[in-house]
Amino acid sequence: MSEVRNSQPANRDEPVLLSVQNLQVHFAVRGAAGKQTVHAVEDISFDLKRGETLGLVGESGSGKSTIANALMRLEDPTGGRIMLEGIDIATLRGSDLKSVRRRLAMVFQDPFSALNPRQRIGLSIAEPLVVHKLANGGAERSKRVRELLDLVNLPAHFADRFPHELSGGQRQRVCIARALAGDPDIMILDEATASLDVSVQAQIMNLLKDLQRRLGLTYLFVSHDLAAVEYMSHRVLVMYLGRLMEISPRDELYTQSAHPYTRALLAAIPLADPVAERSRERTLLEGEVPSPLNPPSGCVFRTRCPIAVDECSEVVPAAIEVGEDHNSACIRVPVAQEL
Amino acid sequence: MSANTVIDVQDLRVRVGAARIVNDVSFKVERGQTLGIVGESGSGKSMTVLAATGLIDAPSAKVSGTSMLDGQNLIGLRRSKLEKIYGERIGFIFQDPATSLNPVLTLERQLTEGPEAHLGITRRAARRRALDLLEAVGIPDPEPRLAAYPHQLSGGMKQRVMIAVALACDPALLIADEPTTALDVTTQAQIISLVRSLQERLGMGVVWISHDLGVISGVAEEVSVLYGGQVVEHTAITDIFNNPLHPYTQGLLRARPYLGGAQEELVTIPGSPPDPKNLPKGCVFYDRCPVRLDSRCETELPPLTDVGDGHLVRSFCATSGGENVRNAWEGTRV
């Protein structure tokens, strides 16, 4: 049983595959109030080690999808570096960017809009093969498509079908097969299981874990669902309003979180046990996430934080080490740990 | 029907053309109690409450059964009578507050319209009431908000306003159809605790529909699990987690990761739910069931059977006392 559950220490010594350093993504918007800046991602740093899954958690507006898009260069970073084995992909252009893009693949939330409705499944899966010239001729291409379908447990004849003939779960398998077509090192899974029904979600999560074991893939698992992240990840990064709150090995995050926001998130999730659920004492966060157009000074979480003090408005807290591989961006870690 | 029963639904069926969407669903809700209805997409959970409250009036849809509220059967009731009942007795909260609020009316109008029409109070009294309601649902500084339009509010705020509108006329029954699904977890927790505290104060009965057993575990006293338009299991909320008897319920519980669950591997239920146009002759779960028995499961529809203390289950496997009953998914692997 335990060998199926992701064992954490196994990945500590793996080499760093992707290193994100001080990533910043700002958007300029023009509105009634003139020109303003959306601070979508601010000073985020993390490493992805080969073969691991890093869970990226946050609520809507936290910037987690922006990070995913920035890694794929679907958005251009306005600052910081994204180092893929020594190459800074944040600034690459043209053919250099194209060749790096083969090594990263993305699976999106909605498998209905991620597939061209007028294109047969086989053609969608083969597209990366064509773009990156990975197959010589039609025969080799269709052979590869069949292999990819098999990899995601779909029968070969699905290549001739159209997306509307498939269920949501089957479509998501197709999207995963397409993502695998370029033989990537890193898969960015942006809420890839969020729109699926519970039983289908389980199928896809198990499939992803299985593929990771077999192909040695590295995942960035972006999700708002802390339970799904716990199931999938080796390490977890928690974001709030564009900033890193806490990053930690999984079990430590779920049992010994050192950040008040992580603690509040965990407290907000309903437990599967009705007796415990009703009797547990918890502090619910009050209020709402502030606007990323005008984030609070100092710690961005301080306006809703149950333990904020005056000092929190003065400086942006640095992510301090609180354990092995475990960092928390809070100046009141000892108090947070008592929450 | 006891004096505390708010709504009593019996043998509800909905057909749309050849599709059998809801098949023989019955439930009761008492004052101050919450019934959770759980199911995946297509299980018929939304159609069940829409039909039970008389909201299905498409000519192609055939609704049968009874749904008694205040001694009146809502099914087949005239539109004008239904409207009176919606205004006075039933409040609705839906998943998407953005589409449920009227975008061109101020909050004040949306909150005063119901009480003026149904409680016969003046606009001034209705305005005072609107302020109280906004306060009750936790909107800080409500006075200036009355002039606001829905687009000026965040998602969580809109959902609070929706709840205020739903409660504007002191309904006896609140229908909540996935009211927190579109919200972030911290907002979801706020809304759940809000509905629970309002229910304690006002004593209404609640039907809470969700695909998420975790949410249901925090809100409901009893739960019905729907599959293929049928109730496959119904029991007290603690029972559903501690002693689930239907193989589908067991699978559903183990297919979802839970916080701190330390699940070794999620159960995956093979296949997909049945097509309502072509429901199996016997047990609706037959095709996907890991412990199905002989031809009886395939050909004979299991009755919803009380196995003690009001724990109802629709499964020959569960009621025949086979060995695998408690743990239908042990050893299955995809």
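The values are calculated or read from the model by the stated rules, or taken from the named source; none is laboratory data. Just so you know, these numbers come straight off a predicted model, no measurement behind them. Every residue, glycine among them, receives a Cβ derived from its backbone with ideal geometry; neighbour counts consider all protein chains shown. Keep in mind that these areas ignore ligands, DNA and RNA; they rest on the heavy atoms of the full protein, side chains included. Shrake-Rupley method; radii C 1.70, N 1.55, O 1.52, S 1.80 Å.
Inverting the pair-averaged 1/r between distinct Cα atoms of the protein assembly as shown gives 27.0 Å as its Kirkwood hydrodynamic radius. Report note on the peptides A:66-72, B:188-194: ranked by the mean count of other C-beta atoms within 10 Å, highest first, their order is A:66-72, B:188-194.
Determine the dipole magnitude for region B:74-232: charges of +1 sit on the beta-carbon of Lys and Arg, -1 on that of Asp and Glu, nothing else is charged, the reference point is the Cα centre, and the result goes in debye to the nearest 20.
About 660 debye.
Once the Cβ-Cβ distance between B:Leu105 and A:Glu140 is put in as r, and R0 is 56 Å, what FRET efficiency do you end up with, to the nearest 0.05? E(calc), rounded to 0.05, equals 0.35. Per residue of peptide A:224-231, the mean number of Cβ atoms on other chains within 10 Å of the residue Cβ is 5. The mean sequence distance of close C-alpha pairs (under 8 Å, at least 6 residues apart), as a share of the length of chain B, puts its relative contact order at 20 percent.
Enclosing the Cα atoms of region B:202-315 in their convex hull gives a volume equal to 125 cubic angstrom per residue. Scoring B:177-183, A:93-99, B:286-292 by mean Cβ neighbours within 10 Å over their residues and listing the highest first yields B:177-183, B:286-292, A:93-99. Using the average count of surrounding beta-carbon atoms within 10 Å as a protection proxy, the listed peptides B:4-12, A:111-119 rank, highest first, as B:4-12, A:111-119.
Work out the FRET efficiency for B:Gln10 and B:Thr238 from their Cβ-Cβ distance, taking R0 = 45 Å, and round it to the nearest 0.05. Efficiency at R0 = 45 Å is approximately 0.95.
Would you mind checking the tilt of helix A:121-131 against the longest principal axis of the Cα atoms of chain A, expressed as 0 to 90 degrees and rounded to 10? Relative to chain A, helix A:121-131 is tipped by roughly 80 degrees. For a modelled paramagnetic label at B:Glu83, 7 Å from Cα along Cα-to-Cβ, the residues of region B:105-146 in reach, with backbone nitrogen under 18 Å, are B:110-121. Across chain A, Cα pairs under 8 Å and at least six residues apart give a relative contact order of 20 percent.
Listed by chain and number, the aspartates and glutamates placed with their C-alpha closer than 17 angstrom to that of A:Lys98 are A:Glu75, A:Asp76, A:Glu85, A:Asp88, A:Glu127, A:Asp183, A:Asp185; residues fewer than eight positions away on the same chain are left out. Projected onto its three principal axes, the C-alpha set of chain B covers 68, 46, 35 Å, listed from the longest axis down.
Between chains A and B, what is the buried accessible area in Å², counting both sides, with a 1.4 Å probe and ligands, DNA and RNA left out, to the nearest 100?
That pair hides around 3600 Å² of surface in total.
Please give the FRET efficiency for B:Ser197 paired with B:Tyr149, using the beta carbon to beta carbon distance and R0 = 30 Å, rounded to the nearest 0.05. E between B:Ser197 and B:Tyr149, to the nearest 0.05, is 0.65. Among A:Gly63, A:Gly168, A:Gly242, whose mean-square fluctuation peaks in a Gaussian network model of chain A (Cα, cutoff 10 Å)? Result for chain A, Cα springs under 10 Å: A:Gly168 fluctuates most. Evaluated over chain B, the count of Lys pairs having alpha-carbon atoms less than 19 Å apart is 4 (only pairs 8 or more residues apart or interchain). Please report the spacing between the Cα centers of region B:155-175 and region B:1-22 in Å, no decimals. Between the Cα centres of region B:155-175 and region B:1-22 lies a distance of 24 Å. Taking every Cα-Cα distance in region B:170-224 and sorting them into 10 Å bins starting at zero, the pair-distance distribution P(r) comes out as 23, 60, 17 percent. Counted residue by residue at 0.36 nm each, then reduced by the alpha carbon distance between them, the extension gain from A:Ala194 to A:Ala276 reaches 26.9 nm. When DSSP beta bridges are restricted to pairs lying wholly in chain A, around 60% turn out antiparallel. Backbone phi angles across region B:193-201, fed through the Karplus curve with coefficients 6.51, -1.76 and 1.60 (θ = phi - 60°), yield HN-Hα couplings of 5, 5, 4, 5, 6, 5, 5, 4, 6 Hz in residue order; Gly and Pro are listed as x.
Could you work out the mean count of beta carbons from other protein chains within 10 Å of each residue's beta carbon in B:185-194?
Mean number of neighbouring Cβ atoms from other chains: 6.
Looking at the protein assembly as shown alone, DSSP beta bridges between its own residues are antiparallel in about 60 percent of cases.
Against chain A, whose longest principal axis is taken from its Cα atoms, helix A:168-180 shows a tilt of about 80°. Subtracting the Cα-Cα distance of A:His164 and A:Asp210 from their residue separation scaled by 0.36 nm leaves 13.9 nm.
Its residue count N sets the reference 2.2 N^0.38 Å, and the alpha-carbon radius of gyration of region B:1-134 equals 1.18 times that reference.
The Kirkwood radius of chain A, taken over pairs of alpha-carbon atoms, gives through the Stokes-Einstein law at 4 °C and 1.567 mPa s a diffusion coefficient of 61 µm² s⁻¹.
When a 1.4 Å probe is rolled over the protein heavy atoms, the share of accessible surface on region A:36-172 that falls to carbon and sulfur comes to 47 percent. Note on region B:213-271 and region A:41-109: Cα centroid distance 37 Å, given to the nearest whole angstrom.
Peptide B:211-218 shows a mean partner chain C-beta count of 5 within 10 Å per residue C-beta.
For the options B:Asp24, B:Asp170, B:Asp184, a Gaussian network treatment of chain B with springs between C-alpha atoms closer than 10 Å singles out B:Asp184 as fluctuating the most.
Tell me, which longest segment in chain A has none of the GluC sites (Glu not before Pro) that fall in DSSP loops with at most 15 further Cβ atoms within 10 Å?
Here the longest run is A:86-280.
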